[in-house]
Each structure stands twice: as structure tokens, then as C-alpha cells.
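We did not get these values from a lab; they are worked out from the coordinates using the rules stated. Predicted model, so just to flag it, every value in this text is computed and none were measured. For neighbour counting, all protein chains shown are included, and Cβ atoms are generated from backbone atoms with ideal geometry for every residue, glycine included.
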Amino acid sequence: MIPATHPSGRGLAAEILTAWEAGRHTASELLDLHLKEAVPHGQGTDLVYGVIRRRALLDQALTAVAKVKIAHLEKDLLALLRLGVYELLFCPDTAEYGILNDLGDLAGRNKKRRGFVNAVLRTVQRAVENRKSPAEGIDLRRWVPVRPHDGCLLKEPIFPDPKTQPEDYYSTVYSLPRWLVGIWLKTYGTETLRQICQGCSRTPEIILQPNTLKTNAVRLAEILKSEAVLSDLNADKTMLRIHTRRYLKDLWAFQKGFFLVQDPSAAKVVALMEPKIGATALDLCAAPGGKTMQIAMAMHDQGKVIASDSDSRRLRKVEENQIRLGITCVRCVPPEGIKEALGSKNKVQSVLLDVPCSNTGVMARRAEVRWRLRPESIAPLVKTQKTLLEQAAGFVRKRGTLAYSTCSILPEENENQVKEFLRAQRAFSLDKEELTLPSCGGEGFFAHDGGYVAILRKG
């Protein structure tokens, strides 16, 4: 077995990936147990999620190149091999000898195990033609996409042909469920499918939203710089991306509530809501509270924001965020306490319903979703969303708005769900809607997750 609490990032990653394969804990749960002790925890985290995001491709390389029978391997050996292949293919700046030597050591003292790990990884190493290869003018069947425009070129093709077998190609190369790739191909076409797959397989960046009650993005960048944290601003200077590896909770700026971590696609929801200063807003399914805090900031902490969630443990996170950010207008209540919190009027100007969903828009950030999601799991989610949407509508006053949002990019959870609601609820009309697809970003724009929001107006 891999030594517990190994001091290296690779050792940590191998230990966690072995435990993760057992299926009793999520990767995030396992990482939380180790992060404070791990050295360096950043490398270990990146490797864990990198392997999970690319698992199907890694297994294809092990099978096609090294002829490994994955089903017959012990879980800890498989974790080591996936780690090694991942670094060889996806980490071109990491020295090959360091990868092979370290993973050989992690295999233990048994000569047979060490020899097996070394032999497999050297076979993969020899199969690589160029660890830094552009995508132009090459056979995509032997190209591993690391970033949108560069990757690792193999000597021989091991992937399906993207022209004749697009579903097989994209599901293998980007490690996504084949049935899901098929839906995206039919819904969006090949070019957009490529963008989605790239966005779902990227390493997510850390994006900060400033607490506008205390600062703005420009000043926040200076505050972070004073803590030796480098960052850059987006085109309109409303959010920033950090580049320095730090444990965020250790930062003075975090402890003093100068920012919250939030993806640009999530931040877009409240911007479309346009909460009014001094009004009363209701945030259903509020935990962990990022959008709740945004509403309060947009209202200048004036008025009332009722935040509710069926999970009492997660609702406490909303309260923790509120205290840290210095926000006073938010009141957290369980679902059964909403009517009492609203008082005699019982209806509000703005309702936000951020529903449970498939998470198909956030698979870069929630890497394990791709291995948990099944076709049959979508219908129950759609049913739950419909019920919640009907319940939320009852809290909207005349000429008020209901914001329906998901972090899904499946039509049945988004525009189709809204169309069904509008057919049944004649008092509501569609004011505006926006679908955001996962993206690797571009000039002036940060990489971001996908999601959907519809603003529904009553009366």
C-alpha cells in the first residue's frame, strides 16, 4: 500500500485516488482531510482532479499503448499508473525522470510492483512524440488536448476518428459520458460541442468577486498584492483571477470579508435579477450563499433578504458567509419558516430559485459529476425542478420577478422547463433568459462554467 500521509504532492494524490476508487468518499472530502497536512497541497489537489477529469483518456492510453488490463489491477497500482500517464501527457514542464522515479518509489519495496509501474510508464513515455505540440495540421487520433490549441502528440493513433465517430472521439478524449456527448452534439453541433468539451475538461481558475460593500476589484487586487497574491482583472474590472497558490482562508482579505469565490457564470444570475435597494428578496435553495450575498450587495445591504435551504448544515454556511462579509440584511430560515419571515404580505418583489440540477455546466469544477451522472437521473431532477418552480411562483407579488437558474446546459432542465412553466402559469411571462456554455475564456474574459438563467415576470 502507498504510505499514509506521504510528504509529496504525488504521494498525496496517489493515496487519495486509491481511496476515491473505493467509492465511499468524494475527492473533495478526502482532500479536506489531508489539505492542512499535505506538502505541497496545491500539487496534490491539481493531480487528483486532473486524473479524475481525464480518467477515460488515461485508461485508453494504458490499454492501447501499454496493453494494461485495468480491471485486473489493484486500486493503488492503478492510481499510480493513472498519475504517471497524466503527468507524462498533461504536464509537459514536469521532468519525465522525476515522474518515473517518484512513482516507482511510491510503488513500494516489492521489486515486481516497482518493475511493473516502471515498465508501463516507460512504454507510455516512448509512445510520445512531442509533449508540446500545436493542434494544427496533425492527426487528432494521436493528439492529446491539454489546452484548446496545444497538447501532447503520440507516435501512433489511439483515439477514434472525430469525423466518422464524433461521439466516441469526444467522450474518450475529454473523458465525458458518451450519452451526454451525443445530446450535446445533437443540440449544439460539432463546433460548439468542441468548446463545451474543452470547457468541461479545463483546470478551473480561482475567480474572486469583490465585496462591493467594502471594496472594488481594482482595490482588492492591491490588497491581495500586499499579501503576496498576484491577480489580474477581467475586461470590465468587476472581478479578478488569482495566480498565486495560497490557502484562501489564511488570507487577511478573506478573513475580513473583502471577497467571495464565485465563477463568472454564477455571478451573472444576480446581475440579470437587478435587485432593488430596500426591497425584500427571497432566495430559495440558497446554500452555500454566494448568490444570496450578491443580492445583499446589490441592495447595498438595505432591505431584507430571506435565505432558505432544506439542508440545515449547508444553510449554516450561508450564515457563516454573511458574518464574514459583514452583511446584516440576510435572514436564514428553514423552508417551514419562510412564511413567518415574510410576514403578513407573504409575497416579495424578487425570488431567486437556483435549483438542484445535473451540474452538466460545471463539470470542470465538479470533476466527479461525469462519473456519477446517468441518463436515468435527469428525469427525477426535472420533476423536482418543476415542483420547486411552482412553489417559488407562489411567493412572487404582482409585477415582481422570479429568477430561475441552473448550472446545467441540458435543454430539459433549462428552456424546456421554463416553457412548460409558462404554459401552466399564464400570469408569468419571460422577461429575459441567458444560456452560458462552459468556455476556456478569451482576451479580456476569464474561463468560466456553464449555466442558465431565466427572469420570469408576473403580471
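A straight chain from ASP32 to PHE445 at 0.36 nm per residue would run longer than the Cα-Cα distance by 145.6 nm.
Taking amide H as placed 1.01 Å from N in the peptide plane, the amide H of VAL305 sits under 5 Å from that of ALA281, VAL330, ARG331, each at least 5 places away or on another chain.
So for the chain, averaging the separation of alpha carbon pairs under 8 Å that are six or more residues apart and normalising by length, what relative contact order in percent results? Working shown, then result.
Numbers: 849 pairs, mean separation 51.0, N = 459.
Across the chain, relative contact order equals 11 percent.
Give the peptides 195-201, 300-306 in descending order of average Cβ contacts within 10 Å, highest first.
Details: 195-201: 23.3, 300-306: 18.6.
Listed from highest to lowest mean packing, they are 195-201, 300-306.
The distance separating the Cα centre of the range 165-197 from that of the range 370-449 comes to 22 Å.
Taking GluC sites (Glu not before Pro) across the range 49-148, the ones in a DSSP loop with at most 16 further Cβ atoms lying within 10 angstrom of their Cβ are GLU74, GLU136.
Rounded to the nearest whole Å³, what is the per residue volume of the convex hull around the Cα atoms of the range 233-326? Show your work: numbers first, answer last.
Numbers: hull volume 10.5 nm³, N = 94.
Output value, Cα hull per residue: 112 Å³.
With a cut-off of 11 Å on the backbone N, no residue of the range 50-89 is near the modelled label site 7 Å out from GLN165 along Cα-Cβ. What the phi angles of the range 305-317 give under the Karplus curve with 6.51, -1.76 and 1.60, with θ = phi - 60°, is a coupling list of 10, 8, 10, 9, 7, 6, 9, 5, 5, 6, 5, 5, 5 Hz, glycine and proline written as x.
Gain in length, LYS225 to ALA271, computed as 0.36 nm per residue apart minus the alpha-carbon separation, to one decimal in nm?
Working: separation 46, 0.36 × 46 = 16.56 nm, distance 2.75 nm.
Value of the extension gain: 13.8 nm.
From Cα pairs below 8 angstrom and at least 6 apart in sequence, can you work out the relative contact order of the range 264-458, rounded to a whole percent?
On the way: 384 pairs, mean separation 41.2, N = 195.
Result for the range 264-458 is 21 percent.
Fully extending the segment from TYR188 to ALA119, taken as 0.36 nm per residue of separation minus the present Cα-Cα distance, adds 20.6 nm. Label separation (ARG24 vs TRP371): 1.6 nm, computed from points 7 Å beyond Cα along the C-beta direction.
When 1/r is averaged over all different Cα pairs and the result inverted, which Kirkwood radius in Å belongs to the range 9-132? Write down the numbers at each step before the final one.
Numbers: mean 1/r = 0.0691 Å⁻¹.
One over the average 1/r among Cα pairs gives 14.5 Å for the range 9-132.
Specify which labelled value, from [x] 85, 61, 45; [y] 68, 55, 39; [z] 75, 50, 40, agrees with Cα extents along the principal axes in Å derived from the coordinates of the model shown. Of the listed options [x] 85, 61, 45; [y] 68, 55, 39; [z] 75, 50, 40, [z] comes from this structure. Going down the list LYS345/LYS383; LYS339/LYS386; LYS237/LYS317; LYS69/LYS132; LYS419/LYS458, which pairs span over 26 Å between their C-alpha atoms? With Cα atoms farther than 26 Å apart: LYS345/LYS383; LYS237/LYS317; LYS69/LYS132. Please get the size of the charge dipole for the chain, origin at its Cα centre, with Cβ charges of +1 on Lys and Arg and -1 on Asp and Glu, quoted in debye to the nearest 20. Once rounded to the nearest 20, the dipole reads 580 debye. Averaging the sequence gap over all C-alpha pairs within less than 8 Å and six or more residues apart, then dividing by the number of residues, gives the range 195-259 a relative contact order of 34 percent. Per residue, the convex hull around the alpha carbon atoms of the range 244-385 comes to 134 Å³.
Counting only Cβ charges, +1 for Lys and Arg and -1 for Asp and Glu, the dipole size of the range 264-458 around its Cα centre is about 540 debye.
Rounded to two decimal places and with Rh computed the Kirkwood way over Cα pairs, what is Rg over Rh for the range 207-261? Each step should come with its number before you reach the end.
Details: Rg = 9.8 Å, Rh = 10.8 Å.
With Rg and the Kirkwood Rh in hand, the quotient comes to 0.91.
Return the whole-Å distance between the Cα centroid of the range 9-88 and the Cα centroid of the range 263-306. One Cα centre to the other: 38 Å.
Around the amide H of ASP431, modelled in the peptide plane, lie the amide H atoms of ILE455, LEU456, ARG457, all under 5 Å away and 5 or more residues distant in sequence or on another chain. Near the amide H of ASN130, within less than 5 Å, lie the amide hydrogens of LEU153, all on another chain or at least 5 residues away, with H placed in the peptide plane.
In a reduced charge model with +1 at each Lys and Arg Cβ and -1 at each Asp and Glu Cβ, the range 169-313 shows a dipole moment near 180 debye about its Cα centre.
If I take R0 = 41 Å and measure r between the Cβ atoms of GLN425 and ALA95 in this structure, what FRET efficiency does the formula 1/(1 + (r/R0)^6) give, to the nearest 0.05?
On the way: r = 61 Å, r/R0 = 1.48.
It comes to 0.10.
By DSSP, the beta bridges lying fully in the chain are antiparallel in about 65 percent of cases.
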